[in-house]
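Asks: Would you mind keeping the following structure in view while I ask a few things?
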Amino acid sequence: MTKSFTAQLKDIEKMTVKNMRYVAAEAIQDVMEAAMTPSRGVTKGGTFEQGKIPVAEAELINSLTSDGIKGAKSYTVAIAGFDIGDTLKFAWTAPHALPVEVGTSKMQGRHFVSINAKRFPEFVAKRAKEI
Amino acid sequence: MREADISRVLRARLKTMTPAYPILYENQDKPDTMTRPYLAVQMVRVSRRTPSMNGQGETSSRGFMQVTVVADLDQFAGPAETIADSIAVHFPKALRLTDASGKVTILDAPNILPAMRDGADWRVNVQIDFLAI
């Protein structure tokens, strides 16, 4: 049975929203996965790497809170429930999170959040090419 | 534009700030003679892209320069915030810094981060987003 023009438009609308949701959710996940890419802490024999989260005692990486859900993988749960128009909040609650991010007088900033957040448009463009 | 040129152009702009503050650059030990308040600079690279697969076209570089205001403790937050504000004013959105090596554009109003205590320092970070072509 042939669909009416209105029904066809509705289908296109549903598909567009679904695609928008896909691009947004995947791009947000790309940001979070990049930010949560571990780099062995210097005190554990690792080297200094910007844009990755340093892991020595794992307190920082495990302090991630995504929309109130705690844990290093909490972002996957938060993103799974994401819909277009929603706001997602991610926070690293370890006391040394800000000094590690921006640096101190003794160490340079790792910028594991800001570098990857600023790559969001790049991730959106990449995901948009998949649909 | 080469990364070395981007750093040089942004550093040159920072040096023209008035009033001028001592600047501690990357890969430089703090001289004993340098007293607070002073500025510490870190260049942070986000991405470097060439648009075409054949390597033609202009390579663009995105990133930010982080300028840290290092001030004395126990002076309240005001003096460091005032310096941070003046840095932000010195790098307004859409500012274009051009020389023979290319053009650096400030993408947005600089972001002034929450202040933090670090040993004997009070630090306020200002992040200046740029696109260089």
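None of the figures in this text is laboratory data; all of them are computed from the coordinates on show. Fair warning: this is a prediction, and the values are worked out from it, not measured in the lab. With ideal geometry, Cβ positions are generated from the backbone for all residues, glycine too; neighbour counts draw on all protein chains shown.
Asks: Quick check: pseudo-label points 7 Å beyond the Cα along Cα→Cβ at A:A7 and B:R48, how many nm apart are they?
Replies: Modelled inter-label distance: 5.7 nm.
Asks: Enter the angle in degrees (range 0 to 90, nearest 10) between the Cα long axis of helix B:78-90 and the first principal axis of the Cα atoms of chain B, meaning the one along which they spread out most.
Replies: Helix B:78-90 and the main axis of chain B meet at about 20 degrees.
Asks: Report the Stokes-Einstein translational diffusion coefficient (µm² s⁻¹, integer) for the protein assembly as shown, Rh taken as the Kirkwood radius over Cα pairs, at 4 °C with viscosity 1.567 mPa s.
Replies: Answer from the Stokes-Einstein relation: 62 µm²/s.
Asks: More than 27 angstrom separation, counting every C-alpha pair in the stretch A:1-126; what % is that?
Replies: It works out to 31 percent of all Cα pairs.
Asks: Order by neighbour count: A:H111, B:H90, A:H96, fewest other Cβ atoms within 10 Å first, most last.
Replies: By the 10 Å Cβ count, ascending, the order reads A:H96, B:H90, A:H111.
Asks: Any chance you could run the full-extension gain for A:M15 through A:F120? It's 0.36 nm times the residue separation minus the Cα-Cα distance, nm to one decimal. If you can, show how the numbers build up before the last one.
Replies: Working: separation 105, 0.36 × 105 = 37.80 nm, distance 2.28 nm.
Length difference between fully extended and current span is 35.5 nm.
Asks: For chain B, what relative contact order do you get, as a whole percent, if you take Cα pairs closer than 8 Å and at least 6 residues apart? Don't skip to the end; give the middle numbers.
Replies: Details: 256 pairs, mean separation 33.9, N = 133.
That works out to 25 percent.
Asks: Starting from the stretch A:84-131, pick out the GluC sites (Glu not before Pro) whose DSSP state is loop and whose Cβ has at most 12 other Cβ atoms within 10 Å. Intermediate results must be reported in sequence, preceding the final value.
Replies: Values: sites: A:E101, A:E122, A:E130; in loops: A:E130.
Loop-located and lightly packed - A:E130.
Asks: Using Cα centres only, tell me the gap between the stretch B:79-133 and the stretch B:50-69 in whole Å.
Replies: 18 Å
Asks: Let me ask you something else. If each DSSP helix of 4+ residues adds -39,500 (n - 2.57) and the sum is divided by the residues in chain A, what number results at 222 nm, nearest 500 deg cm²/dmol?
Replies: -13500 deg cm²/dmol
Asks: Counting other beta carbons within 10 Å of each residue's own, what order do B:T82, B:T33 fall into, fewest first? The partial results should precede the final answer.
Replies: Values: B:T82 13, B:T33 6.
Taking fewest neighbouring Cβ atoms as first place, the list is B:T33, B:T82.
Asks: Put +1 on the Cβ of every Lys and Arg and -1 on every Asp and Glu Cβ in chain A; which of A:F5, A:T37, A:V77 then has its Cα farthest towards the positive end of the dipole?
Replies: A:F5
Asks: For the stretch B:16-122, run through the chymotrypsin sites (Phe, Trp or Tyr not before Pro) and keep only the ones in DSSP coil with at most 15 other Cβ atoms within 10 Å of their Cβ.
Replies: Here the chymotrypsin sites (Phe, Trp or Tyr not before Pro) that fit, given the DSSP loop and packing criteria, are B:Y25, B:F76.
Asks: So if each residue of separation counts as 0.36 nm, and I subtract the Cα-Cα distance between A:L88 and A:V42, what length gain in nm does that give? Please report the intermediate quantities before stating the final value.
Replies: On the way: separation 46, 0.36 × 46 = 16.56 nm, distance 3.13 nm.
Gain on extension, A:L88 to A:V42, equals 13.4 nm.
Asks: Can you show me the helix-derived [θ] at 222 nm for chain B, built from DSSP H runs with n ≥ 4 at -39,500 (n - 2.57) apiece and divided by the number of residues, rounded to the nearest 500.
Replies: Result for chain B: -6000 deg cm²/dmol, rounded to the nearest 500.
Asks: Let me ask something else. Defining a contact as two alpha carbons under 8 Å apart and six or more residues distant in sequence, what relative contact order in percent does the stretch A:5-128 show? Show your work: numbers first, answer last.
Replies: Numbers: 164 pairs, mean separation 34.9, N = 124.
It comes to 28 percent, rounded to a whole number.
Asks: Sort A:D11, A:D30, B:D32 so that the residue with the fewest other Cβ atoms within 10 Å of its own Cβ comes first and the one with the most comes last.
Replies: Details: A:D11 11, A:D30 18, B:D32 6.
Sorted ascending by nearby Cβ count, the order is B:D32, A:D11, A:D30.
Asks: Looking at chain A, send over the antiparallel percent of its DSSP beta bridges, to the nearest 5.
Replies: Roughly 65 percent of the beta bridges in chain A run antiparallel, per DSSP.
Asks: What is the angle, in °, between the Cα long axis of helix A:5-35 and the longest principal axis of the Cα atoms in chain A? Nearest 10 is fine, range 0 to 90.
Replies: 10 degrees
Asks: Calculate how steeply helix B:3-15 sits against the longest principal axis of the alpha-carbon atoms of chain B, using the helix alpha-carbon long axis, and give the answer as 0 to 90 degrees to the nearest 10.
Replies: Once rounded, the angle reads 40 degrees.
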